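Step one of this worksheet: look at the structure below.
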Amino acid sequence: MAGEPLTPGLMAETVTTVDDALVVKHMGGDGVLSTPSMIGLMERTAIQAVQPHLLEGQTTVGFEVNVKHFGATPKGQKVTVRAELLEVDGRKLRFKIEARDEDKKVGEGTHRRAIIQVQSKS
């Protein structure tokens, strides 16, 4: 619920099919999930974990990503990303993030975001 205090343990999970927009093709074949695309999916999942709990007019911006990408996910496979809020320090949030494809874990790490007030359009 909007405006509730953010508490560690909030989670979100997203499932995305790897398509042309998410791949890099230098590995040959139809391509594999690129590292920037994986990080983007991780950031969006972290946003989903907390956005419903923020006050109206608030959102978050990322300011640190510390991840390892250690497995190739081929185009056409589903990738599941999970984000869990680990720590709330004032306006700063720290998440544990992980990505798995249909066969294995392909990435993990931490991500930090800050709560900001969105400028009103007046």
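Only the coordinates and a few stated rules stand behind these numbers; no lab work does. Just so it is clear, the model here is predicted, and its values are computed rather than measured. As a convention, Cβ positions derive from the backbone with ideal geometry for all residues, glycine included, and neighbour counts pool all protein chains shown.
Per-structure values
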| read-out | value |
| --- | --- |
| Rounded to 10°, Cα long-axis angle of helix 35-50 versus longest principal axis of the chain | 30 |
| Rough spin-label spacing in nm, given labels placed 7 Å along Cα→Cβ, for Glu102 and Lys68 | 2.6 |
| Anchor Lys92: aspartates and glutamates whose Cα lies under 19 Å away (excluding residues fewer than 8 positions away in-chain) | Glu4, Glu43, Glu56, Glu64, Glu84 |
| GluC sites (Glu not before Pro) within segment 32-108: DSSP coil, no more than 10 neighbouring Cβ in 10 Å | Glu56 |
| Computed lengthening from Gln77 to Lys25, 0.36 nm per intervening residue step minus Cα-Cα distance | 17.2 nm |
| Relative contact order %, the chain, counting alpha carbon pairs below 8 Å whose residues are six or more apart | 31 |
